[in-house]
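Nothing in this text is a laboratory measurement; each read-out follows from the coordinates by a stated rule. All figures in this text were calculated on a predicted structure; none of them were measured in a lab. Don't worry about glycine lacking a Cβ; one is built from the backbone with ideal geometry, like all the others, and counts go over all protein chains shown.
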Amino acid sequence: MAHSLRDIGFRVRVSADMEVLNEVDILLLPGVGAYPSAMRALHERGLVHYLQDQAREQRPIIGICLGMQLLASASHELHYTVGLDLIPGEVVPLTEPKWHIGWNTIECVQDDPLFGPSDGQAFYFNHSFMYQGPAEYQVCVSRHPTPIPSVIRRGNIIGLQFHPEKSQAAGKALLKNIISRLAHA
Amino acid sequence: MSDIKFCKRCLYSSAHPLGLTLDEEGICSGCRIHEEKDTLDWDERWSMLDALVKPYRNPDGKNYDCIVPVTGAQDSYYIVHLVKERLGMNPLLVTYNKYFNTPLGIRNLANLRIRFNCDILYQNINPISVKKITRSTLHRFGSIYWPILAGQTVFPVQTAVRHKIPLIVWGAHQGLEQVGMFSHEHEIEMTRRYRKDHDLMGHEADDLLSIFDTLKEEDVWQYRYPDDRDLNAVGVRGIYLGNYVRWDPKAQHEQMMREYDYKTSAFNRTFDCYDHVDCFNYMDLHDQIKLYKHGYSKVTDHASREIRFGRLTREEGLALVRKHEQAPLKYLDQFCEWLGVNRRSMQFLMDHHRNPSFWTKTAPGNWDFNGWSAQHSKNASVDPMRTDLPDIFEANDYLEYNHDSKYITIGKGWP
Amino acid sequence: MLKKRLVGVVTVKDGWAVQSFGYKRYLPLGKPECLVENLDRWGADEILVQVIDRSVNGSNPDFELLERLGRLGLETPLIYGGGIRSVDDGVRAIQSGADRLVVDSLLHDDLAAVRGLSERLGAQAIIAALPLSWNGEHVEWLDYRHGSSSSISVEVLSLAETGIVSEILVIDWMHEGHQDGFEQNLIRNFPLSGVPLIAFGGISNSNQMAELLQMPNISAIAAGNFLSYREHAVQKYKEALSGMPLRLSAYESKYPTLTHV
């Protein structure tokens, strides 16, 4: 992730330290593994309250893959776990097929200059749970084959279900677009 | 230090810098692929080559049919002979000019273009950039040859893109010929991956920029590989004649000596007189650095090749290696003068790159050698002082030709 | 629409990237990093690095290799296989830079660990590798450390059926490296339906690839040796497969020479 961002010209810091996080323009929340252990890790570092405060102050926050799911209210992965509740909605298992693995196109269902230029591009997905929530927070969907949310947004809080850092040229272009626009907002 | 294993047939070991595999019988991948030279139907393969190049011929003669990279040595004559005379194509010769040219090399290259009546493009990179790069790569990687390898492998590709001539015709594929990286039947083509991995020791031009503060983009951009998009737009493709012709450098050079007056020279550090006659350093300083870094040198490549062709026995090969590989340098002063370093600093730089697996320092200026030739099964019957070793290569001239032992950058070469 | 994938495979033995033929003959290629980086630049849909001499030597995963690959800054999903003996091994491999894992020996040695990996990392991160052969009537499963073949065990099949692993890598080990060699019966007669399969081993031409891509249980096709013979191999295969559900080919452009074509 850091390499992709540096490659397109942004400066990156990786940290769980609030003092460091306070100095940057945009917070990026990646995620690998399972929901309960990820939330536990955030609680242990005192980052749950921190992120909720930052969201209230309109600080841009981007969640990627599991990071996107953490933005929701709660998840049913393994056992019911409360999330950051920054974009209301629940995380539920995918239905047949049980995994979404591979390159899939995103379709914009709302007008949003952050994502419009990437409409119809393919990105790499690798997950088995999905966000379920109000339509107003869903910016893009992908077909599984039924539509599932691939990009969600509430204000300056953004969730990407796919991995832009693993999506080659399309991913780089999207990151560049989102971050440039959010940082100047 | 892990044990290196040796091929039972040739003189190569598992420590070969290109990689080498040994099978259950202890025979190496290079020898196994070499066996194909005596089992494949070369007439059939020639037909395949003919069919392959057919679409690239320009019937109206308005552009060159292909690009042929050449030097004043290295099978260039044979390649041009095959392309122009046997395949009937109209090639554009291209050559990356280096600073270490011998007068014989200049003469051979001039003779090449005149005897075969070909058009030729030269690329000369400015001396300050080349010396800056050479100083950095010598210091860090122990290499004096990066700019030459980079230039020789990229100038033809850049020319293909710029002049929209898609087909590049090379001779033999070094990985295939030395270590059997590919079968002849894989019909391997030129790739950027091979160049970065093996020709450039893992470092392309832009990698040098991030490693060395002293280098600027203006010093290295000329060595950049063309973009994939440009390569695809022109349809650039590099093929190897060695996949379609039974490649035998000794026999080929001798044919070119007879038919086209290719001239050759003896070397101290090897018994082969045909290759690398265009460079004062390849078989001299560069070869000694190879021995320091890898524990073996070019004479082992030559011996292994001749063993595989059945012209030397393994014992004769090993004896020739031991006879030549520690020979002293002849042209070190010229290099030091060119680069602007003194001999002591140069030796210090070189010693820094001696591989501890093969060299042990016993006293200041004194090193014990435990390289490949020393590690071969202690064969008491191999006597390095043998005087009855086969003398199968013929030198008909000298590197200096009719000049001094001085580098020539651009020379008249004719007559 | 979800595309099927063309996976580029890099086989590593004794620290070298190699060509592998029928699980017994090897030709050297070069540094694994150079091959992986090249596949990344070409736009392979996933890159699979399989280190084939770890389990045989009782070693754990090659974490140093993963860390070196991590420093390359790859932008393509990376799958790692070779020497994963426990949940900790798998977790550390992911932390070292892999996105998904392949397990082979572990399927013979410790199915509980496979389940543990799936719980910890998610089933989408776990692929079961099955080297298979066709004996004329049914599919047989190779235990490559002992060189013996038998039916796929009920337990392993159940792992796939119950969704502990997300995909199965079907390796036609006998035809590895052989032109046009892949045995399609391994897919047509695979004992389970409805489980996504990745075909690998002797897949060399676009006709074969098209036939496989049209099979419903195939989610991806993988090639190793055959991607090493020419420039832009990934793109050229994709272009020969236009009309198939694959992501389109792309050519990188960082320092363009031609201003118009």
Review point. Straight-line reach from A:Lys176: which lysines have Cα under 25 Å away, leaving out those fewer than 8 places along the same chain?
Key: A:Lys166, C:Lys3, C:Lys254
Exercise for review: Could you check what % of the DSSP bridge pairs in the protein assembly as shown are antiparallel, to the nearest 5?
Suggested key: 45 percent
Check your understanding: With chain B treated as a Gaussian network of Cα nodes joined by springs under 10 Å, which of B:Ala15, B:Ala51, B:Ala319 yields the largest mean-square fluctuation?
Key -> B:Ala51
Exercise for review: Kindly rank B:35-45, B:175-185 from highest to lowest mean number of other beta carbons found within 10 Å of each residue.
Suggested key: B:175-185, B:35-45
Revision key, fill the gap. Here the net charge surrounding C:Val18, from other residues whose Cβ is less than 11 Å away from its Cβ (Lys, Arg +1; Asp, Glu -1), is 0
Revision key, fill the gap. Among C:Gly201, C:Asn217, C:Leu142, the residue whose Cα sits farthest towards the positive end of the charge dipole of the range C:5-240, when +1 is placed on the Cβ of each Lys and Arg and -1 on the Cβ of each Asp and Glu, is C:Gly201
Review point. Among C:Ser59, C:Ser96, C:Ser166, which one moves the most in a GNM of chain C with springs linking Cα atoms closer than 10 Å?
Key: C:Ser59
Exercise for review: Summarise the partner chain shielding of A:118-126 as one whole number: the mean count of Cβ atoms from other chains within 10 Å of each residue's Cβ.
Suggested key: 3
Review point. Using mean Cβ contacts within 10 Å as the protection proxy, how do A:104-111, B:64-71, C:86-93 order, highest first?
Key: B:64-71, C:86-93, A:104-111
Exercise for review: List nothing, just return the count: lysine pairs in the range C:5-240, 8 or more apart or interchain, with Cα separation under 27 Å.
Suggested key: 4
Check your understanding: Sorted by average packing, counted as other Cβ atoms within 10 angstrom per residue and highest first, what order do B:285-292, C:128-135 take?
Key -> B:285-292, C:128-135
Review point. With θ set to phi - 60° and the Karplus curve 6.51 cos²θ - 1.76 cosθ + 1.60, what are the ³J(HN,Hα) couplings of the range B:150-160 in order, to the nearest whole Hz, using x for Gly and Pro?
Key: 5, x, 5, 8, 10, 4, x, 6, 4, 5, 4
Check your understanding: How do B:Arg193, B:Arg314 line up, fewest other C-beta atoms within 10 Å first?
Key -> B:Arg314, B:Arg193
Check your understanding: Using alpha-carbon pairs under 8 Å, 6+ residues apart, how would you state the relative contact order of the range C:5-240 in percent?
Key -> 18 percent
Point to revise | Relative contact order %, chain A, counting alpha carbon pairs below 8 Å whose residues are six or more apart | key: 21 percent
Check your understanding: Straight-line reach from B:Lys62: which aspartates and glutamates have a Cα under 18 Å away, not including same-chain ones fewer than 8 places off?
Key -> B:Asp119
Practice item. Report the one residue of B:Ala251, B:Gln152, B:Ala303 whose Cα lies farthest in the direction of the positive end of the charge dipole of chain B (charges on C-beta: Lys and Arg +1, Asp and Glu -1; origin at the Cα centre). Key: B:Gln152
**Study point:** Separation between Cα centres of the range C:67-106 and the range C:161-212, rounded to whole Å
**Key:** 22 Å
Study note, to complete from the structure: Rounded to whole Å, √(5λ) for the Cα gyration tensor eigenvalues of the range A:65-185, largest first, gives 22, 17, 12
Check your understanding: If you place +1 on the Cβ of every Lys and Arg, -1 on the Cβ of every Asp and Glu, and leave all else neutral, what size is the dipole of the protein assembly as shown about its Cα centre, to the nearest 20 Debye?
Key -> 1820 debye
Check your understanding: Where does each of B:Met201, B:Met48, B:Met283 land when they are ranked from fewest to most other beta-carbon atoms within 10 angstrom?
Key -> B:Met48, B:Met201, B:Met283
Exercise for review: Mind telling me which of C:Leu101, C:Leu117, C:Leu27 comes out most flexible in a GNM of chain C, alpha-carbon contacts under 10 Å?
Suggested key: C:Leu27
Exercise for review: With +1 on each Lys and Arg Cβ and -1 on each Asp and Glu Cβ, and nothing else charged, work out how big the dipole of the range C:26-87 is about its Cα centre, in Debye to the nearest 20.
Suggested key: 180 debye
Point to revise | Net charge contributed by nearby residues that have their C-beta within less than 12 Å of B:Leu18 (K/R +1, D/E -1) | key: -3
Check your understanding: For peptide C:23-36, how many partner chain Cβ atoms fall within 10 Å of a residue's Cβ, on average?
Key -> 6
Study note, to complete from the structure: Restricted to chain C, the DSSP antiparallel beta bridge percent, nearest 5, is 30 percent
Practice item. Could you tally the net charge around B:Phe280, taking each other residue with its Cβ under 12 Å from the Cβ of B:Phe280, Lys/Arg +1 and Asp/Glu -1? Key: -4
Review point. By residue number, which cysteines of chain B lack any other Cys whose Cβ falls under 4.7 Å from their Cβ?
Key: B:Cys10, B:Cys31, B:Cys66, B:Cys118, B:Cys273, B:Cys279, B:Cys336
Review point. So how strong a dipole does chain C carry about its Cα centre when Lys and Arg Cβ are +1 and Asp and Glu Cβ are -1, to the nearest 20 debye?
Key: 580 debye
Check your understanding: Picking from A:Gly116, B:Thr409, B:Ala395, whose Cα lies most toward the positive end of the charge dipole for the protein assembly as shown (charges on Cβ: Lys, Arg +1; Asp, Glu -1)?
Key -> B:Thr409
Exercise for review: Taking amide H positions as placed in the peptide plane 1.01 Å from N, state which residues far from B:Gly238 in sequence (5 or more) or on other chains have amide H under 5 Å from it.
Suggested key: B:Ile168, B:Met190
Review point. What is the mean number of Cβ atoms from other protein chains located within 10 Å of the Cβ atom of each residue in peptide B:178-185, rounded to a whole number?
Key: 3
Practice item. May I ask which of B:Lys131/B:Lys330; B:Lys196/B:Lys412; B:Lys5/B:Lys263 have a Cα-Cα span longer than 32 Å here? Key: B:Lys196/B:Lys412; B:Lys5/B:Lys263
Practice item. For the range C:143-261, calculate the relative contact order in percent as a whole number, restricting contacts to Cα pairs under 8 Å that are 6 or more residues apart. Key: 18 percent
Revision key, fill the gap. When B:Glu204, B:Glu24, B:Glu217 are ranked with the fewest other C-beta atoms within 10 Å first, the list becomes B:Glu24, B:Glu217, B:Glu204
Exercise for review: As a check on your grasp of the helix formula, calculate [θ] at 222 nm for the protein assembly as shown: sum -39500 (n - 2.57) over DSSP H runs of n ≥ 4, divide by the residue count, round to the nearest 500.
Suggested key: -9500 deg cm²/dmol
Point to revise | Reachable aspartates and glutamates from C:Lys4, criterion Cα separation under 15 angstrom, eight or more residues apart if same chain | key: C:Asp45, C:Glu46, C:Glu167, C:Glu211, C:Glu239
